[in-house]
Amino acid sequence: MTDKTLFEPYDLGPIRLANRIVMAPLTRNRAGTGLMPGEYAATYYGQRASAGLIITEATQISADAQGYQDTPGLYTQQQIEGWRKVTDAVHARGGRIFVQLWHVGRISHVDLRPGGTAPVAPSAIRAAAKTFVNNGFHDVSEPRALALDEIPGIVEDFRRAAANAMAVGFDGVEVHGANGYLLEQFIKDGANTRTDAYGGSIENRARLLLEVTAAVAKETGAERTGVRLSPVSSAGAISCSDPQPQYDYIAEQLSALGVVYLHVVEGATGGPRDSAPFDFDSLRSRFKNTYLANNGYDLELANARLSEGKADLFAFGRPFISNPDLVERLETGAPLNALDPATLYGGGAKGYIDYPALANSNA
Ligand code: 8OZ
């Protein structure tokens, strides 16, 4: 295989991607009034449409699902209509876009929550983590454990948001099962001490993720449903005593559901790839569809892993923030723009839609 294959089309289920480079979901905290996509969101995503696939920033399935200031939702009519501008902008430039559906669970703060109520979680275990609220970082609030009879409502909120996504022109949906948020809180025993059908065994801890994914896939088609996982990440101050058998099981079950891709954060989210021992090849071998590799990839590593057959698609995160035409730059060997960390979260156009494309690029 040659380096070229990264830049050749790839068939993701029914969707033809122009290349194998995926824009990772990136939280930017720039939602507008009513948590609809912000004023510049369509421009921002449209500028990045030369990615083979864009996965949007994490997007709330309900008011209950929010944990950070100014992150968008996909549950009100206004939000739904706001996303139409984004999908249109990406499609007008020949791009493909999935929306990442999100419930933060215990990573939240009472000041953001409907009625100032406690965040919901599998168990009443507070994370030693902070969230961005009231324009600053604050400790997350003490959560309460979801009652067994509340769980179908969570599944239903994911399903409804998936229906909204398809109605507004997304090419598919990614279930956010990673980074210490609600679905991962159920999966990992450091956050889940339940004794009902959603806690304890490997099967029980995987149950909510699998129920949500099945419900989403019923709305969108499994061939338009991806799932993101982070088996060994401690993002959100979470731990898991048995990640290998837990995630081997999940990969098998997601494969049986026919999910189109597994998006795997290999190592510590945004950190070292070798933070803990884990056999990621084991997930790939258990999952029959597309494997989307994430975490610290550059062109060299992506090419190496592609030629070894270790992954099909490769997610790039921060480089896409500062390089709207990242694919062209990687393909031509052009230098990359540097990232301004000060404008990552919150603010307006600066650091969002003003990173320059190459002079001859169409980004
Ligand atoms: C950075 C800041 C806030 C949220 C994730 C949705 O880690 C996030 C996130 C990232 O998945």
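Please give the solvent-accessible surface of residue 88 in Å², to the nearest 10, using a probe radius of 1.4 Å with every protein chain present.
Taking all protein chains as shown, residue 88 has close to 80 Å².
Could you give the size of the charge dipole of the chain about its Cα centre, using +1 on the Cβ of each K and R and -1 on the Cβ of each D and E, expressed in debye and rounded to the nearest 20?
In total the dipole reaches around 320 debye.
In Å³ and rounded to a whole number, note down the convex hull volume per residue for the Cα atoms of region 109-233.
In region 109-233, the Cα hull volume divided by residue count equals 127 Å³.
Between residue 342 and residue 135, how high is the FRET efficiency from 1/(1 + (r/R0)^6) when r is the Cβ-Cβ distance and R₀ = 25 Å? Nearest 0.05.
0.95
In whole percent, and with a 1.4 Å probe on the protein chains, what portion of the accessible area of the chain is carbon and sulfur?
Answer for the chain: carbon and sulfur cover 51 percent of the accessible area.
Dividing the Cα convex hull volume of region 11-65 by residue count, how many Å³ per residue is that?
Convex hull of Cα atoms, per residue: 98 Å³.
Go from 0 up to the bin containing the longest alpha carbon distance in region 305-363, width 5 Å each, and give me the % of pairs per bin.
4, 18, 24, 20, 16, 11, 6, 2, 0
Counting DSSP beta bridges in the chain, what percent are antiparallel, to the nearest 5?
20
Putting +1 on Lys and Arg Cβ atoms and -1 on Asp and Glu Cβ atoms, find which of 155, 132, 108 reaches farthest to the positive end of the dipole of region 96-172.
Checked the options; the winner is 132.
Considering only Cα-Cα distances, which of the following residue pairs are longer than 31 Å: 85/310; 310/350; 218/310; 188/350; 130/350?
Pairs exceeding 31 Å: 85/310; 310/350; 188/350.
Given a 1.4 angstrom probe, what's the average accessible area per residue across the chain, in square angstrom?
Value returned for the chain: 37 Å² of accessible area per residue.
Going by the alpha-carbon gyration tensor, a ≥ b ≥ c the square roots of its eigenvalues, is region 226-363 rounded (a/c under 1.5) or, if a/c is not under 1.5, prolate (a/b greater than b/c) versus oblate?
Prolate shape, in that a/c is at least 1.5 and a/b is the bigger ratio.
Note down the Stokes-Einstein diffusion coefficient of the chain in µm²/s, whole number, using a Kirkwood radius over alpha carbon pairs, 20 °C, and 1.002 mPa s.
After rounding, the answer is 106 µm²/s.
The values are calculated or read from the model by the stated rules, or taken from the named source; none is laboratory data. In this text, all values refer to a predicted model and were calculated from it rather than measured experimentally. All Cβ positions, glycine included, derive from the backbone under ideal geometry; neighbour counts span all protein chains shown. Each accessible area value is taken on the protein alone, full model and side chains, heavy atoms only, with ligands, DNA and RNA left out. Shrake-Rupley method; radii C 1.70, N 1.55, O 1.52, S 1.80 Å.
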